[in-house]
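Only the coordinates and a few stated rules stand behind these numbers; no lab work does. Here the structure is a predicted model, which means the values were calculated and not measured. In this analysis, Cβ positions are derived from the backbone assuming ideal geometry, glycine residues included, and neighbour counts consider all displayed protein chains.
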Amino acid sequence: MIKPVPEFAEELAANGGSSAMLCFQCGTCTLKCPSAKYTSLRTAHIMRASQLGLKDEAIDGDSLWQCTTCYTCVEWCPRNVQVVDVITALRNIAVADGMLHESHRKVAQSLVKFGHTVENNEKIKALRKELRLPENPPTVMNNTAAKADLDKILNLTGFDKLVK
Amino acid sequence: MAKYAFFLGCITPFRYPGIERSTREVFKTLGVELVDLEDASCCPAPGVIKSFNKATWLAVAARNLALAEKKGLDIVTICNGCYGSLFDAAHELHKDPKILDDVNKILSEIGLKYSGKTKVRHFAEVLYKEVGVEKIKKAVKKPTGYKTAVFYGCHFLKPSKLKQLDDPEDPKILDELVEAAGAESMSRKGKAMCCGAGGGLRSQFGETAMKFTKANLERMKADGAEMIVDVCPFCHLQFDASQKELGFDLPVLHLSQLFGIAMGMDAEDLGLNAHITPVKL
């Protein structure tokens, strides 16, 4: 049986998703959602589950991760629900509960390792050289002191452990 | 001379360095100085890192903003993702002094501070609003002439209440910019549709992302497009890398590359050999 979680409203608000409470279920977000054409994502359903404290209903399964954050729903919402912020909040809650797809973990680990979500490689280095660009751009990945600063931030926010 | 901190992001320097080269050339030609934002990191990516942990996203973005502030410069980005991420982060930090304070406590550990002075700009916005279409037209040596499907992507214009750049349903900025380069911007529906890559879809649900991309390509092809022009390396990657499998062959150019061609850059300097869908000029 589906059980509501009474504290869920607070958890959602603490993660920046309180505007879900404004939703009056007109369904415009779902109608306008490009992902809904192809996937099980039903934004209006997620907003309702959030209002009712149905945490599992809101965060379980693939639906939550099938939003591209295109903001079309936010443009059309007549109640000014910040739908993408709600989805982001729910995703944060899901990840804190240990629900992180392996492909996403890899992207996150790349940030921890290189300071970028995409890595450089030999082919690109050669092309950069051809284009009279330095093989490595002058970013955090090319300066160990700067990388240590970034590492410190990722450690202070607990991100390094979260995505390990 | 206008001057900006140049934010590279990830996909441009490590997948399409031709976009970096073209942007540097085009801005130089137009008299806008780009200063490298040394030590910058990933913005970080809004659809993934922000989805995993918002506090981390905000602190890392604030570090990038603080690095630019130290130089006394506004940031210019060449990617909708970087633009959305840094713009939204600056907005969040601006609207709530408590959040700004918390983030600055973290930044103080690495000797940085963000006060809110540095603003975040999209390169197409700078071209349109600061440089202007007339000046661009004067810099064009080789009008390009392609029948072009402009592709705005999502985070350039949306959420429009915050960005306030153009009508997200019927935008004009890129159409006018592309026409300034001597290309024809086709009147078409779906200019501001989503490419499908964002929000972590490309990495986790690649096949779903492709369905978005296919719908876009079908429309463009039916309208008779000869070329796609984008303003986001992630849309660029999505269109460039997926067409072979989807059975399409529309060349994909970032706006900086189209401008590079129009302003007389050598074809070899556009980095087109990094493109998976061939671009024949």
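Below, the figures for the structure above:
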item	result
Full-extension gain in nm, residue B:108 to residue B:219, via 0.36 nm per residue minus C-alpha separation	34.9 nm
Label-to-label distance, nm, for residues given as residue A:3 and residue B:95 (7 Å Cα→Cβ offset)	3.5
Inter-label distance, nm, simple model (7 Å from Cα along the C-beta direction), residue A:96/residue A:80	2.6
Restraint check, A:164/B:161; B:137/B:163; B:71/B:98; B:71/B:280; A:123/B:141, Cα-Cα greater than 29 Å	A:164/B:161; B:71/B:280; A:123/B:141
Fluctuation leader among A:153, A:93, A:46 - chain A, Gaussian network, Cα springs under 10 angstrom	A:153
Estimated FRET transfer efficiency when R0 is 30 angstrom, pair residue B:135-residue A:125 (beta carbons, to 0.05)	0.30
Most mobile of B:107, B:37, B:58 in a GNM of chain B (Cα contacts under 10 Å)	B:107
Cβ-derived FRET efficiency at R0 25 Å, residue B:167 paired with residue B:245, nearest 0.05	0.15
Cross-link table A:152/B:54; B:191/B:244; B:117/B:158; A:32/B:158, entries beyond 19 Å C-alpha to C-alpha	B:191/B:244; B:117/B:158
Convex hull of Cα atoms in the protein assembly as shown, direction-averaged projection (nm²)	19.8
Cα-projected label distance for residue A:136 with residue A:106, points at 7 Å along beta-carbon direction, nm	2.3
Farthest positive-ward along the protein assembly as shown dipole, Cα basis, beta-carbon charges - from A:58, A:12, A:139	A:139
Isolated Cys in the protein assembly as shown, by beta carbon distance under 4.7 Å	A:23, A:26, A:33, A:67, A:77, B:10, B:42
GNM top mover of A:49, A:126, A:108 - chain A, alpha-carbon springs below 10 Å	A:126
Residue order, fewest to most surrounding Cβ atoms within 10 angstrom, among B:258, B:281, A:156	B:281, A:156, B:258
For chain B, with +1 on Lys and Arg beta carbons and -1 on Asp and Glu, the positive-most of B:89, B:265, B:17 along the dipole	B:89
For residue B:35, residues with placed amide H under 5 Å, excluding near neighbours	B:4, B:5, B:6
Per-residue HN-Hα couplings for the range A:77-94 [Karplus 6.51, -1.76, 1.60; θ = phi - 60°; Hz; x = Gly/Pro]	4, x, 10, 6, 6, 8, 3, 5, 5, 5, 4, 4, 4, 5, 5, 4, 5, 4
Karplus-derived 3J(HN,Hα), 6.51/-1.76/1.60, for each residue of the range A:148-164, Hz, glycine and proline x	5, 4, 4, 4, 4, 4, 5, 7, 5, 8, x, 5, 4, 6, 4, 9, 4
All aspartates and glutamates inside 17 Å of residue A:106 as judged from Cα atoms, apart from same-chain residues fewer than 8 positions distant	A:119, A:151, A:160
Cβ-based exposure ranking for B:83, B:128, in which fewest neighbours within 10 Å come first	B:128, B:83
Likely footprinting exposure, A:150, B:246, fewest C-beta neighbours within 10 Å first	B:246, A:150
At R0 = 45 Å, FRET efficiency that the Cβ-Cβ distance of residue B:226 and residue B:36 yields, to 0.05	0.85
Derived scalar couplings ³J(HN,Hα) [the range B:34-45; Karplus, 6.51 cos²θ - 1.76 cosθ + 1.60; whole Hz; x for Gly, Pro]	10, 9, 4, 8, 4, 6, 5, 10, 4, 4, x, 2
